[in-house]
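Structure record follows, encoded as C-alpha coordinates.
The values are calculated or read from the model by the stated rules, or taken from the named source; none is laboratory data. The structure displayed is predicted, hence computed values, not measured ones. Cβ placement follows ideal geometry from the backbone for every residue including glycine, while neighbour counts extend to all protein chains displayed.
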Amino acid sequence: MKGLYIVLTCIISSLASLCVAITHNTNGTFDVLNYGAIGDGSTDDSNAFLKAWTDVCGTTIDTPTMIIPEGKTFLLQPLSFQGPCKSSNVIIELRGNITAPKDIEAWKLEYGKSELLWIQFSTISGLVFNGSGGQINGQGAPWWEKFPKNQEKYRPSALKFTECQNLTVFNSTHLNSPKNHISIHSCKNATIYNLQIIAPEDSPNTDGIDISTSTNIQIMNSTMETGDDCIAINAGSSQINITGIFCGPGHGISVGSLGKGKSYATVEEVYVKNCTFTGTSNGARIKTWKGGSGHAWNINYEDIKLVGVKNPIIIDQNYDPSVFDMTKKRSAVEVKNVTYNNIKGTSINGHAIQFNCDSNIGCTNIVLNNINITNVDKGKTNASCINAHGTYSSCYPPASCLS
(Lines give C-alpha, C1' and ligand atoms only; values in the text may rest on other atoms or scores of the structure.)
Protein backbone atom coordinates (compact mmCIF):
# COMPACT_ATOMS: atom_id res chain seq x y z
CA MET A 1 0.00 0.00 0.00
CA LYS A 2 2.84 2.32 0.85
CA GLY A 3 4.41 1.59 -2.55
CA LEU A 4 1.16 2.42 -4.33
CA TYR A 5 1.00 5.73 -2.45
CA ILE A 6 4.53 6.61 -3.60
CA VAL A 7 3.66 5.75 -7.23
CA LEU A 8 0.47 7.86 -7.12
CA THR A 9 2.40 10.75 -5.55
CA CYS A 10 4.97 10.64 -8.36
CA ILE A 11 2.26 10.53 -11.03
CA ILE A 12 0.42 13.49 -9.51
CA SER A 13 3.68 15.42 -9.20
CA SER A 14 4.57 14.71 -12.81
CA LEU A 15 1.14 15.78 -14.01
CA ALA A 16 1.42 19.01 -12.03
CA SER A 17 4.76 19.78 -13.66
CA LEU A 18 3.29 19.00 -17.07
CA CYS A 19 0.34 21.32 -16.42
CA VAL A 20 2.72 24.14 -15.51
CA ALA A 21 4.65 23.55 -18.73
CA ILE A 22 1.45 23.54 -20.78
CA THR A 23 0.26 26.73 -19.08
CA HIS A 24 3.49 28.52 -19.94
CA ASN A 25 3.87 27.11 -23.44
CA THR A 26 0.92 26.22 -25.63
CA ASN A 27 1.72 25.45 -29.27
CA GLY A 28 4.95 27.40 -29.12
CA THR A 29 3.45 30.54 -27.58
CA PHE A 30 4.61 32.03 -24.28
CA ASP A 31 2.15 34.50 -22.76
CA VAL A 32 3.65 36.87 -20.19
CA LEU A 33 0.46 36.60 -18.10
CA ASN A 34 1.31 32.95 -17.46
CA TYR A 35 4.60 34.07 -15.94
CA GLY A 36 3.01 36.40 -13.43
CA ALA A 37 2.60 39.65 -15.38
CA ILE A 38 -0.36 41.76 -14.22
CA GLY A 39 -0.69 44.44 -16.91
CA ASP A 40 -2.40 47.08 -14.80
CA GLY A 41 0.05 49.85 -15.73
CA SER A 42 1.36 50.25 -12.19
CA THR A 43 2.68 46.83 -11.11
CA ASP A 44 6.27 46.13 -12.17
CA ASP A 45 6.04 43.28 -14.69
CA SER A 46 9.77 43.16 -15.50
CA ASN A 47 10.52 39.81 -13.87
CA ALA A 48 7.59 38.13 -15.59
CA PHE A 49 8.85 39.35 -18.97
CA LEU A 50 12.36 38.06 -18.27
CA LYS A 51 11.03 34.65 -17.18
CA ALA A 52 8.98 34.39 -20.35
CA TRP A 53 11.98 35.43 -22.43
CA THR A 54 14.18 32.79 -20.78
CA ASP A 55 11.78 30.08 -21.97
CA VAL A 56 11.25 31.61 -25.41
CA CYS A 57 14.96 31.99 -26.08
CA GLY A 58 15.83 28.63 -24.57
CA THR A 59 13.29 26.44 -26.32
CA THR A 60 14.10 24.30 -29.35
CA ILE A 61 10.54 24.68 -30.67
CA ASP A 62 10.52 26.15 -34.16
CA THR A 63 9.61 29.87 -34.15
CA PRO A 64 8.55 30.36 -30.53
CA THR A 65 6.37 33.40 -29.85
CA MET A 66 6.32 35.62 -26.77
CA ILE A 67 2.82 37.10 -26.37
CA ILE A 68 2.23 40.51 -24.77
CA PRO A 69 -1.57 40.42 -24.75
CA GLU A 70 -4.01 43.10 -25.83
CA GLY A 71 -6.14 45.12 -23.46
CA LYS A 72 -3.41 45.54 -20.87
CA THR A 73 -0.58 47.96 -20.09
CA PHE A 74 2.63 46.51 -18.73
CA LEU A 75 4.99 48.62 -16.63
CA LEU A 76 8.61 47.72 -17.30
CA GLN A 77 11.86 48.79 -15.70
CA PRO A 78 15.03 48.80 -17.86
CA LEU A 79 15.40 45.31 -19.35
CA SER A 80 17.89 43.46 -21.53
CA PHE A 81 16.66 40.52 -23.61
CA GLN A 82 19.80 38.57 -24.40
CA GLY A 83 20.57 35.99 -27.06
CA PRO A 84 21.68 33.94 -28.79
CA CYS A 85 18.54 31.83 -28.79
CA LYS A 86 18.22 28.15 -29.65
CA SER A 87 15.59 28.69 -32.34
CA SER A 88 16.66 30.32 -35.60
CA ASN A 89 13.60 32.60 -35.43
CA VAL A 90 11.98 34.20 -32.39
CA ILE A 91 8.79 36.28 -32.44
CA ILE A 92 7.67 39.03 -30.05
CA GLU A 93 3.98 39.91 -30.45
CA LEU A 94 3.20 43.25 -28.81
CA ARG A 95 -0.59 43.18 -28.81
CA GLY A 96 -0.93 45.31 -25.68
CA ASN A 97 0.97 48.33 -24.39
CA ILE A 98 4.30 48.75 -22.64
CA THR A 99 5.01 51.78 -20.49
CA ALA A 100 8.05 53.12 -18.67
CA PRO A 101 7.76 54.56 -15.14
CA LYS A 102 6.12 57.98 -15.17
CA ASP A 103 8.54 59.55 -12.67
CA ILE A 104 12.31 59.72 -13.11
CA GLU A 105 12.81 58.70 -9.47
CA ALA A 106 10.93 55.45 -10.12
CA TRP A 107 13.35 54.29 -12.85
CA LYS A 108 15.90 51.63 -11.86
CA LEU A 109 18.68 52.62 -14.23
CA GLU A 110 22.29 51.49 -14.03
CA TYR A 111 24.03 54.85 -14.03
CA GLY A 112 27.70 54.98 -14.93
CA LYS A 113 27.35 52.99 -18.15
CA SER A 114 28.37 54.48 -21.50
CA GLU A 115 24.70 54.83 -22.44
CA LEU A 116 21.36 54.60 -20.68
CA LEU A 117 18.77 52.22 -22.11
CA TRP A 118 15.23 51.22 -21.31
CA ILE A 119 14.67 48.08 -23.43
CA GLN A 120 17.40 46.26 -25.34
CA PHE A 121 17.49 43.16 -27.54
CA SER A 122 20.99 41.89 -28.23
CA THR A 123 22.75 39.09 -30.17
CA ILE A 124 19.50 37.54 -31.41
CA SER A 125 19.31 36.11 -34.91
CA GLY A 126 15.99 36.02 -36.73
CA LEU A 127 14.13 38.22 -34.24
CA VAL A 128 10.68 39.34 -35.39
CA PHE A 129 9.19 42.21 -33.37
CA ASN A 130 5.53 42.39 -34.39
CA GLY A 131 3.82 45.40 -32.89
CA SER A 132 0.36 43.97 -33.67
CA GLY A 133 -1.06 47.41 -32.94
CA GLY A 134 0.61 47.74 -29.54
CA GLN A 135 2.31 50.82 -28.10
CA ILE A 136 5.62 51.53 -26.39
CA ASN A 137 5.44 54.66 -24.22
CA GLY A 138 8.76 55.98 -22.93
CA GLN A 139 7.15 58.62 -20.65
CA GLY A 140 9.76 61.14 -21.73
CA ALA A 141 8.20 64.43 -20.55
CA PRO A 142 9.88 64.64 -17.11
CA TRP A 143 13.23 63.72 -18.67
CA TRP A 144 13.00 66.51 -21.25
CA GLU A 145 12.26 69.00 -18.51
CA LYS A 146 15.02 67.91 -16.13
CA PHE A 147 17.67 67.32 -18.81
CA PRO A 148 16.97 69.66 -21.75
CA LYS A 149 18.85 69.94 -25.03
CA ASN A 150 22.60 69.21 -24.86
CA GLN A 151 22.06 67.08 -21.75
CA GLU A 152 20.89 64.02 -23.66
CA LYS A 153 23.57 61.77 -22.13
CA TYR A 154 21.52 61.78 -18.93
CA ARG A 155 18.40 60.47 -20.70
CA PRO A 156 17.77 56.82 -21.72
CA SER A 157 16.99 55.62 -25.23
CA ALA A 158 13.74 53.69 -25.42
CA LEU A 159 14.45 50.64 -27.60
CA LYS A 160 17.74 49.30 -28.91
CA PHE A 161 18.61 46.35 -31.14
CA THR A 162 22.28 45.37 -30.92
CA GLU A 163 23.99 42.69 -33.01
CA CYS A 164 20.66 41.33 -34.25
CA GLN A 165 21.01 39.67 -37.65
CA ASN A 166 17.99 39.21 -39.94
CA LEU A 167 15.84 41.49 -37.80
CA THR A 168 12.23 42.45 -38.60
CA VAL A 169 10.32 45.21 -36.77
CA PHE A 170 6.81 46.24 -37.85
CA ASN A 171 3.31 47.43 -36.89
CA SER A 172 4.26 49.21 -33.66
CA THR A 173 3.63 52.67 -32.22
CA HIS A 174 6.38 54.41 -30.26
CA LEU A 175 5.59 57.39 -28.03
CA ASN A 176 7.59 59.99 -26.12
CA SER A 177 11.00 58.44 -25.65
CA PRO A 178 13.25 60.27 -23.18
CA LYS A 179 15.84 60.33 -25.99
CA ASN A 180 15.84 58.52 -29.34
CA HIS A 181 13.00 56.05 -29.88
CA ILE A 182 14.76 53.20 -31.73
CA SER A 183 18.46 52.41 -32.13
CA ILE A 184 19.78 49.93 -34.69
CA HIS A 185 23.39 49.14 -33.79
CA SER A 186 25.77 46.57 -35.28
CA CYS A 187 22.91 44.84 -37.08
CA LYS A 188 22.90 43.20 -40.49
CA ASN A 189 19.88 42.58 -42.71
CA ALA A 190 17.07 44.42 -40.93
CA THR A 191 13.62 45.26 -42.30
CA ILE A 192 11.55 47.89 -40.48
CA TYR A 193 8.13 49.01 -41.66
CA ASN A 194 4.71 50.34 -40.77
CA LEU A 195 5.83 52.17 -37.64
CA GLN A 196 4.35 55.26 -36.06
CA ILE A 197 6.75 57.32 -33.95
CA ILE A 198 5.40 60.34 -32.09
CA ALA A 199 6.94 62.94 -29.79
CA PRO A 200 6.33 66.70 -29.45
CA GLU A 201 8.13 69.01 -31.85
CA ASP A 202 10.00 70.67 -28.98
CA SER A 203 11.09 67.42 -27.31
CA PRO A 204 14.92 67.33 -27.39
CA ASN A 205 16.90 64.59 -29.17
CA THR A 206 13.86 62.38 -29.71
CA ASP A 207 15.10 60.89 -33.00
CA GLY A 208 12.81 58.37 -34.61
CA ILE A 209 15.38 55.77 -35.71
CA ASP A 210 19.16 55.99 -35.29
CA ILE A 211 21.33 53.61 -37.33
CA SER A 212 24.99 52.94 -36.54
CA THR A 213 27.60 50.35 -37.59
CA SER A 214 24.93 48.45 -39.51
CA THR A 215 24.57 47.05 -43.03
CA ASN A 216 21.64 46.34 -45.32
CA ILE A 217 18.92 48.12 -43.38
CA GLN A 218 15.52 48.82 -44.95
CA ILE A 219 13.03 51.26 -43.42
CA MET A 220 9.69 51.60 -45.18
CA ASN A 221 6.18 53.03 -45.05
CA SER A 222 6.25 54.72 -41.66
CA THR A 223 5.20 57.99 -40.06
CA MET A 224 7.55 59.90 -37.79
CA GLU A 225 6.73 63.06 -35.84
CA THR A 226 9.62 63.94 -33.53
CA GLY A 227 11.71 66.68 -31.98
CA ASP A 228 14.86 65.69 -33.87
CA ASP A 229 15.88 63.60 -36.90
CA CYS A 230 13.18 61.30 -38.17
CA ILE A 231 16.03 59.00 -39.22
CA ALA A 232 19.75 59.50 -38.60
CA ILE A 233 22.36 57.40 -40.39
CA ASN A 234 25.51 57.38 -38.31
CA ALA A 235 29.08 56.08 -38.47
CA GLY A 236 29.84 52.63 -39.85
CA SER A 237 26.59 52.24 -41.78
CA SER A 238 26.18 51.14 -45.39
CA GLN A 239 23.49 49.90 -47.77
CA ILE A 240 20.69 51.84 -46.10
CA ASN A 241 17.39 51.98 -48.00
CA ILE A 242 14.63 54.32 -46.80
CA THR A 243 11.33 54.58 -48.67
CA GLY A 244 7.81 55.84 -48.05
CA ILE A 245 8.53 57.87 -44.91
CA PHE A 246 6.26 60.72 -43.79
CA CYS A 247 8.49 62.93 -41.67
CA GLY A 248 7.35 65.97 -39.74
CA PRO A 249 7.68 67.70 -37.52
CA GLY A 250 11.34 66.88 -37.02
CA HIS A 251 14.78 67.53 -38.44
CA GLY A 252 14.48 65.49 -41.61
CA ILE A 253 16.40 62.40 -42.73
CA SER A 254 20.06 62.97 -41.98
CA VAL A 255 23.38 61.39 -42.78
CA GLY A 256 25.31 62.14 -39.61
CA SER A 257 26.39 63.81 -37.73
CA LEU A 258 29.77 62.24 -38.55
CA GLY A 259 33.23 62.86 -37.12
CA LYS A 260 32.33 64.30 -33.74
CA GLY A 261 35.27 64.64 -31.36
CA LYS A 262 37.76 64.27 -34.24
CA SER A 263 36.59 60.71 -34.81
CA TYR A 264 36.86 58.66 -38.00
CA ALA A 265 33.45 57.92 -39.47
CA THR A 266 32.14 56.45 -42.73
CA VAL A 267 28.72 56.11 -44.32
CA GLU A 268 28.16 54.60 -47.77
CA GLU A 269 25.34 53.62 -50.12
CA VAL A 270 22.34 55.46 -48.71
CA TYR A 271 19.13 55.59 -50.75
CA VAL A 272 16.22 57.78 -49.60
CA LYS A 273 13.24 57.62 -51.94
CA ASN A 274 9.55 58.58 -52.08
CA CYS A 275 9.53 60.44 -48.78
CA THR A 276 7.54 63.50 -47.64
CA PHE A 277 8.86 66.20 -45.31
CA THR A 278 6.20 68.42 -43.73
CA GLY A 279 7.14 71.38 -41.54
CA THR A 280 10.58 69.99 -40.80
CA SER A 281 13.64 72.11 -40.02
CA ASN A 282 15.62 70.12 -42.60
CA GLY A 283 14.80 67.81 -45.45
CA ALA A 284 17.69 65.98 -47.10
CA ARG A 285 20.62 66.71 -44.78
CA ILE A 286 24.26 65.65 -44.51
CA LYS A 287 26.21 66.98 -41.54
CA THR A 288 29.82 66.31 -40.59
CA TRP A 289 31.89 67.77 -37.77
CA LYS A 290 34.82 70.02 -38.36
CA GLY A 291 37.96 68.15 -37.31
CA GLY A 292 36.61 64.68 -38.07
CA SER A 293 37.81 62.30 -40.77
CA GLY A 294 36.43 59.54 -42.97
CA HIS A 295 33.82 59.87 -45.68
CA ALA A 296 30.16 60.00 -46.71
CA TRP A 297 29.96 58.49 -50.20
CA ASN A 298 27.18 57.54 -52.59
CA ILE A 299 24.22 59.26 -50.96
CA ASN A 300 20.97 59.49 -52.95
CA TYR A 301 17.76 61.43 -52.28
CA GLU A 302 15.06 60.83 -54.91
CA ASP A 303 11.35 61.55 -55.38
CA ILE A 304 11.09 63.81 -52.35
CA LYS A 305 8.06 66.01 -51.54
CA LEU A 306 8.61 69.14 -49.44
CA VAL A 307 5.87 71.00 -47.57
CA GLY A 308 7.05 74.15 -45.79
CA VAL A 309 10.58 72.91 -44.99
CA LYS A 310 13.10 75.34 -43.53
CA ASN A 311 16.27 73.87 -45.11
CA PRO A 312 15.17 71.51 -47.88
CA ILE A 313 18.61 70.48 -49.21
CA ILE A 314 21.64 71.01 -47.01
CA ILE A 315 25.21 69.76 -46.63
CA ASP A 316 27.12 71.15 -43.67
CA GLN A 317 30.70 69.91 -43.69
CA ASN A 318 31.67 72.41 -41.00
CA TYR A 319 29.14 71.37 -38.38
CA ASP A 320 30.36 72.46 -34.94
CA PRO A 321 28.20 74.90 -32.99
CA SER A 322 31.05 75.53 -30.53
CA VAL A 323 33.61 76.70 -33.10
CA PHE A 324 33.43 80.27 -34.30
CA ASP A 325 36.84 80.61 -35.97
CA MET A 326 36.28 78.87 -39.28
CA THR A 327 39.62 80.05 -40.71
CA LYS A 328 41.59 77.59 -38.57
CA LYS A 329 42.61 74.55 -40.61
CA ARG A 330 41.18 71.25 -39.45
CA SER A 331 40.52 67.88 -41.04
CA ALA A 332 37.06 67.07 -42.39
CA VAL A 333 34.88 64.13 -43.37
CA GLU A 334 34.91 63.77 -47.16
CA VAL A 335 31.52 64.15 -48.87
CA LYS A 336 31.40 62.74 -52.39
CA ASN A 337 28.92 61.35 -54.93
CA VAL A 338 25.70 62.86 -53.61
CA THR A 339 22.68 62.88 -55.92
CA TYR A 340 19.40 64.78 -55.52
CA ASN A 341 16.78 63.80 -58.09
CA ASN A 342 13.17 64.89 -58.49
CA ILE A 343 12.81 66.96 -55.33
CA LYS A 344 9.85 69.32 -55.34
CA GLY A 345 7.84 71.45 -52.97
CA THR A 346 8.09 74.51 -50.76
CA SER A 347 10.50 76.13 -48.34
CA ILE A 348 9.58 78.55 -45.56
CA ASN A 349 12.58 80.74 -46.37
CA GLY A 350 14.72 81.54 -49.36
CA HIS A 351 17.55 79.10 -48.59
CA ALA A 352 16.40 76.12 -50.64
CA ILE A 353 19.83 74.64 -51.38
CA GLN A 354 22.85 75.04 -49.10
CA PHE A 355 26.24 73.42 -49.55
CA ASN A 356 28.58 74.60 -46.78
CA CYS A 357 31.68 72.54 -47.53
CA ASP A 358 35.17 72.43 -46.06
CA SER A 359 37.62 74.97 -47.45
CA ASN A 360 40.26 72.27 -48.05
CA ILE A 361 38.50 69.00 -48.88
CA GLY A 362 35.22 70.38 -50.21
CA CYS A 363 32.21 68.39 -51.47
CA THR A 364 32.65 66.69 -54.85
CA ASN A 365 30.43 65.19 -57.53
CA ILE A 366 27.22 66.76 -56.26
CA VAL A 367 24.41 66.18 -58.76
CA LEU A 368 21.11 68.07 -58.80
CA ASN A 369 18.47 67.01 -61.30
CA ASN A 370 14.81 67.96 -61.70
CA ILE A 371 14.63 70.19 -58.64
CA ASN A 372 11.81 72.66 -58.05
CA ILE A 373 11.69 74.34 -54.64
CA THR A 374 9.62 77.48 -54.26
CA ASN A 375 8.94 79.78 -51.32
CA VAL A 376 5.66 79.34 -49.45
CA ASP A 377 5.37 83.15 -49.44
CA LYS A 378 5.83 83.30 -53.22
CA GLY A 379 9.22 84.96 -52.80
CA LYS A 380 12.41 83.82 -54.47
CA THR A 381 14.50 80.90 -53.35
CA ASN A 382 18.25 80.62 -53.79
CA ALA A 383 21.16 78.20 -53.80
CA SER A 384 24.43 78.89 -51.96
CA CYS A 385 27.69 76.99 -52.17
CA ILE A 386 31.06 77.08 -50.44
CA ASN A 387 33.69 74.87 -52.11
CA ALA A 388 31.04 72.54 -53.57
CA HIS A 389 31.64 70.91 -56.95
CA GLY A 390 29.19 69.18 -59.25
CA THR A 391 26.47 69.64 -61.86
CA TYR A 392 22.81 70.64 -62.06
CA SER A 393 20.02 70.41 -64.62
CA SER A 394 16.34 71.37 -64.58
CA CYS A 395 16.96 72.96 -61.23
CA TYR A 396 15.11 75.76 -59.46
CA PRO A 397 16.60 77.61 -57.83
CA PRO A 398 19.52 77.25 -60.24
CA ALA A 399 22.63 75.97 -58.48
CA SER A 400 25.01 78.03 -60.57
CA CYS A 401 27.32 78.24 -57.56
CA LEU A 402 28.40 74.64 -58.15
CA SER A 403 31.78 74.59 -59.90
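So that you can scan it fast, the table gives a plain yes or no per residue for (1) surrounded by 15 or more Cβ atoms within 10 Å (Cβ to Cβ); (2) closer than 25 Å to Gly259 by Cα; (3) outside the structural domain of Lys344 (by TED's automatic domain parsing); (4) touching a strand residue (DSSP E or B) at 6+ places or on another chain (Cβ under 6 Å):
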| residue | (1), (2), (3), (4) |
| --- | --- |
| Asp358 | yes, yes, no, yes |
| Ile361 | yes, yes, no, yes |
| Thr364 | yes, yes, no, yes |
| Ile371 | yes, no, no, yes |
| Asp377 | no, no, no, no |
| Ser384 | yes, yes, no, yes |
| Cys395 | yes, no, no, yes |
| Ala399 | yes, no, no, yes |
| Leu402 | yes, yes, no, yes |
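Within the range 81-97, which residues are of a type outside the set (S, T, N, Q) and touching a Ser or Thr at 6+ places or on another chain (Cβ under 7 Å)?
Within the range 81-97, the first condition is being of a type outside the set (S, T, N, Q), and the residues that meet it are 81, 83-86, 90-96.
Residues satisfying the conditions are Gly83, Pro84, Lys86, Ile91, Glu93, Leu94, Arg95, Gly96.
Filter the range 358-403 down to residues that are without any contact (Cβ under 8 Å) to a residue 60 or more places away in the chain and in a strand (DSSP E or B), then give me how many there are. Write out each step before concluding.
Step one: of the range 358-403, the residues without any contact (Cβ under 8 Å) to a residue 60 or more places away in the chain are 359-372, 374-375, 377-387, 389-403.
Those still in the list that are in a strand (DSSP E or B) too: 363-372, 374-375, 382-386, 389-396.
Result for the range 358-403: 25.
Residue selection: Asp229 fails the criterion of being part of a loop (DSSP other than H, G, I, E, B), more than 18 Å from Lys160 (Cα to Cα) and of a type in the set (Asp, Glu).
Any chance the range 289-296 includes a residue that's part of a loop (DSSP other than H, G, I, E, B), at positive phi and buried (at least 24 other Cβ atoms within 10 Å of the Cβ)? Steps first, answer last, please.
In the first step, residues of the range 289-296 are kept if they are part of a loop (DSSP other than H, G, I, E, B); the result is 290-292.
Still in the running and at positive phi: 291.
After this cut, where a residue has to be buried (at least 24 other Cβ atoms within 10 Å of the Cβ) as well, the list is none.
No, that holds for no residue.
Against the conditions (1) modelled with pLDDT under 95; (2) surrounded by 19 or more Cβ atoms within 10 Å (Cβ to Cβ), where does Ile119 fall short? Just the number, please. The single condition Ile119 does not satisfy is (1).
Could you check, for the range 39-51, whether at least one of its residues is surrounded by fewer than 16 Cβ atoms within 10 Å (Cβ to Cβ), assigned to a loop (DSSP other than H, G, I, E, B) and assigned by TED's automatic domain parsing to the domain that holds Gly134? No, that holds for no residue.
Against the condition in a helix (DSSP H, G or I), surrounded by fewer than 18 Cβ atoms within 10 Å (Cβ to Cβ), of a type outside the set (Ser, Thr, Tyr) and modelled with pLDDT of 95 or more, how does Leu8 come out, does it pass? Criteria not met by Leu8.
Evaluate the following for Pro204: is it on the phi < 0 side of the Ramachandran plot, touching a residue at least 60 places away in the same chain (Cβ under 8 Å) and in a loop (DSSP other than H, G, I, E, B)?
yes
Whether any residue in the range 234-256 is over 20 Å from Asn176 (Cβ atoms), assigned by TED's automatic domain parsing to the domain that holds Val376, touching a residue at least 60 places away in the same chain (Cβ under 8 Å) and assigned to a loop (DSSP other than H, G, I, E, B) is what I want to check. Scanning the range 234-256, I find no residue that is over 20 Å from Asn176 (Cβ atoms), assigned by TED's automatic domain parsing to the domain that holds Val376, touching a residue at least 60 places away in the same chain (Cβ under 8 Å) and assigned to a loop (DSSP other than H, G, I, E, B), so the answer is no.
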